[in-house]
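Participant: There's a structure below that I have some questions on.
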Amino acid sequence: MAAEKRATFNEVAALYDQARNRYPGRLFEDLFAWTNLPPGARVLEIGAGTGIATLPPAEYGCSVTAIELGAGMAEVARAKLAAYPGVEVVNADFETWEAPEEPYDLVLSATAIHWIDPEVRYSKPAALLREGGYIALLGYKHAVGGDQAFFDRAQQCYEKFMPHSAKGRLAEAGDVNPHVPELAASGYFDEPRMQTCFTEERYDRDGLLGLLATYSDHRLLEAAARERLFACIGALIDNDYNGSIRKRYRNDLIVARKKR
């Protein structure tokens, strides 16, 4: 099932690029400051998707190799990054991809590292980094706040049309990102450093339903049930929330240096 879920994003590559929110620029500022990347630094990105997190390193002047499993996602990323000759988008799965011999200064993964086989999730990035190189993980989660009452009421739609889904716990300020202890326990990296910031997005009916249509568990739902679920959520936005709602996100940056 994990492999099936991992491949669903490719079905809606253009929508994914349009609907998924961007990472706060502040986190990239911290990333570049903490890692002290040199001009032309070699960056390897794991699970580049449509290039949402590839663009800031490209703009910074890095040479980026972006690995993406989905051909459609990779195509969108190539179009977006065409103006940056130092960026190469490779359509491959990271686990079996054969890397060049020259090591990287930074390995980056944005909301994708959890899809990588645990057997190589941290060992392969460590092997591909130069001595003193860094791994950086970006991610975001739905957080407490925004129009919380809407999401509580929307749960009734899920119970009716997607009853097998588990209600996820919303992120809070004091939560420990699970990748922090994972990295520390891997034995390949020094103690991770983390930065967190909260953002809020406003969605109209089409915007929120477009976002939900890019989620892997929603993609795997039978089409008729998905339509009914979306109609239920859409009606709630239109009828009870004046056509738009606010959703709060917790955005995390985790950086760790390869052990010497």
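The values are calculated or read from the model by the stated rules, or taken from the named source; none is laboratory data. Fair warning: this is a prediction, and the values are worked out from it, not measured in the lab. Positions of Cβ are generated from backbone atoms using ideal geometry, with glycine treated the same way; all protein chains shown enter the neighbour counts. Just the protein is used for accessible areas: all its heavy atoms, side chains included, with ligands, DNA and RNA removed. Shrake-Rupley method; radii C 1.70, N 1.55, O 1.52, S 1.80 Å.
Participant: Find the helices (runs of 4 or more DSSP H) located wholly in region 53-165 whose residues include 3 or more that are open to solvent by less than 20 Å² (accessible area, probe 1.4 Å) and touching a residue at least 24 places away in the same chain (Cβ under 8 Å), and list them.
Facilitator: Counting at least 3 such residues, we get 71-80, 148-161.
Participant: Exactly one condition in (1) modelled with pLDDT of 95 or more; (2) farther than 26 Å from L211 by Cβ is not met by P39; state its number.
Facilitator: Result: P39 passes all but (1).
Participant: Among the residues of region 69-96, what is the count of those that are out of contact with any Lys or Arg (no Cβ under 9 Å at 6 or more places or on another chain) and among the aromatic types (F, W, Y)?
Facilitator: Counting residues in region 69-96 that are out of contact with any Lys or Arg (no Cβ under 9 Å at 6 or more places or on another chain) and among the aromatic types (F, W, Y) gives 1.
Participant: Only residues that are open to solvent by 10 Å² or more (accessible area, probe 1.4 Å) and not in a strand (DSSP E or B): list them for region 38-47, please.
Facilitator: P38, P39, G40, G47
Participant: Could we say that I245 is over 17 Å from the mean Cα position of the chain (by Cα), in contact (Cβ under 8 Å) with a residue 24 or more places away in the chain and part of a helix (DSSP H, G or I) here?
Facilitator: no
Participant: Which of the numbered conditions does H179 fail, given that it passes all the others? Conditions: (1) within 20 Å of W34 (Cα to Cα); (2) open to solvent by 40 Å² or more (accessible area, probe 1.4 Å); (3) out of contact with any helix residue (DSSP H, G or I) (no Cβ under 6 Å at 6 or more places or on another chain).
Facilitator: (2)
Participant: Go over the candidates L253, L209 one by one and state the one that is crowded, with 18+ Cβ neighbours inside 10 Å, touching a residue at least 12 places away in the same chain (Cβ under 8 Å), assigned to a strand (DSSP E or B) and among the aliphatic types (A, V, I, L, M).
Facilitator: Of L253, L209, the one residue that is crowded, with 18+ Cβ neighbours inside 10 Å, touching a residue at least 12 places away in the same chain (Cβ under 8 Å), assigned to a strand (DSSP E or B) and among the aliphatic types (A, V, I, L, M) is L253.
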